[in-house]
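All remarks here apply to the structure that follows.
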Amino acid sequence: MEKYIDIIKNSYSDYWNYLKNEILFQNNWDNYFYGLIAISLIIWILEIAFPWRKNQAVFRKDFWLDAFYMFFNFFLLNLIVFIALSNTAAEFLNDVLSLAGLSISSFQLFDVDDLPKWLGLLIFFLVSDFIQWNTHRLLHRIPLLWSFHKVHHSVKEMGFAAHLRYHWMEPVVYKSLLYIPIAIIGGFDAQDVAIVYFFAIAIGHLNHANLGWDYGFLKYVFNNPKMHIWHHAKELPKHVSYGVNYGLTLSLWDYIFKTNYVPYDGTYIELGFENDEQFPKDFISQELYPLKK
């Protein structure tokens, strides 16, 4: 038990020092703090220059709430709970496996160092995106998980920052289901992961942005604003009542598994979910909502 307490304490101090260095000493290209700001500003400028919904204000409904969610979920959530939880869970899993004389590396399918870097990164990206696509489906199908996911679907006007409006339990679910598949691939350094991460952030921001783009024939590969708007539609036909267009970065999985749905231009469709007018409007109440339920 003492070992796990030390892991939790060290996780907090290590991440706090990392966060201070990211903010105060911006000396590397894969700086997540300023990377998030740069991507957000670029896509916000694109929203202002090429708005899809012309009558939507630059500072749309809940703009500042979503901006707070963006920084809270991306940085403070890690400081408060996630890094410590991840490190402790990883150590616990290794301890359990060691009882059988195994380790997580025992399940490693291949060493990415033996592959060309581009191929290793592509495999990492495809595997993680597919697992997240499936996890996203679960968030819509399992009532307990849907109660957490409602926070994200409470967005009533789409904009880039809505991408990171989500309940703190969501990344716990995502990362838990991702841990073993990614550990089996393994072997990536921080800068390699940063490339994939920044790309996913940019696509996620674009999906939620007030931009009427579908990328032409690339819409069958990458998720896009015209497709993702339907994921947030308040009203859907009964045969797709659990949701559609689950893709995070790639739309490919939706087209392969027939969960794609773009019946017409959804510029002005109503967003949300049934009875969302009763859903809490402030950050604290939204975070507590699933626990009360």
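Every number here is computed from the coordinates shown, using simple stated rules; none is lab data. Because the structure is predicted, anything quoted here is derived from the model rather than measured. When we count neighbours, we look across all protein chains shown, and the Cβ atoms used for this are built from the backbone with ideal geometry, even at glycine.
Please rank K61, K175, K20, K238, fewest neighbouring Cβ atoms within 10 Å first, as an exposure proxy. Please report the intermediate quantities before stating the final value.
Working: K61 13, K175 16, K20 10, K238 5.
Result, fewest neighbours first: K238, K20, K61, K175.
Provide the FRET efficiency to the nearest 0.05 for the W168-F25 pair, computing r from the beta carbons and using R0 = 30 Å. Numbers along the way, then the final one.
Details: r = 28 Å, r/R0 = 0.92.
Once rounded, the FRET efficiency stands at 0.60.
Using packing as a proxy for protection, rank 282-291, 68-77 so that the peptide with the highest average count of other Cβ atoms within 10 Å comes first.
Working: 282-291: 13.4, 68-77: 17.8.
Packing proxy ranking, top to bottom: 68-77, 282-291.
How large is the charge dipole for region 166-293, taken about the Cα centre, if only the Cβ atoms of Lys, Arg (+1) and Asp, Glu (-1) carry charge, to the nearest 20 debye? Before the final figure, lay out the partial values.
Values: 9 positive and 13 negative charges, 49 e Å.
The dipole of region 166-293 has a size of about 240 debye.
Rounded to a whole number, what is D in µm²/s for region 178-284 from Stokes-Einstein with the Kirkwood radius over alpha-carbon pairs (37 °C, 0.692 mPa s)? Don't skip to the answer; put the middle values down first.
Numbers: Rh = 15.8 Å.
Estimated via Stokes-Einstein, D reaches 208 µm²/s.
As a quick test, which of the pairs K226/K281; K20/K61; K20/K219; K54/K292; K117/K150; K61/K258 have an alpha carbon distance above 30 angstrom in this structure?
Working: K226/K281 26 Å; K20/K61 32 Å; K20/K219 39 Å; K54/K292 38 Å; K117/K150 38 Å; K61/K258 33 Å.
Where the Cα-Cα span goes over 30 Å, the pairs concerned are K20/K61; K20/K219; K54/K292; K117/K150; K61/K258.
Just going by the charge dipole of region 166-293, with Lys and Arg at +1 and Asp and Glu at -1 on Cβ, which of S176, F199, F279 is farthest out on the positive end?
Result: S176.
Working out 0.36 nm times the residue gap between F33 and Q278, then minus their Cα-Cα distance, what length gain in nm do you get to one decimal? If you can, show how the numbers build up before the last one.
Numbers: separation 245, 0.36 × 245 = 88.20 nm, distance 3.42 nm.
So the extension gain works out to 84.8 nm.
Which net charge results when you count Lys and Arg as +1 and Asp and Glu as -1 among the other residues whose beta-carbon is under 11 Å from that of L211?
0
With r defined as the distance between the Cβ atoms of F68 and L99 and R0 fixed at 30 Å, what FRET efficiency is calculated, to the nearest 0.05? Don't skip to the answer; put the middle values down first.
Values: r = 44 Å, r/R0 = 1.45.
FRET efficiency, F68 to L99: 0.10.
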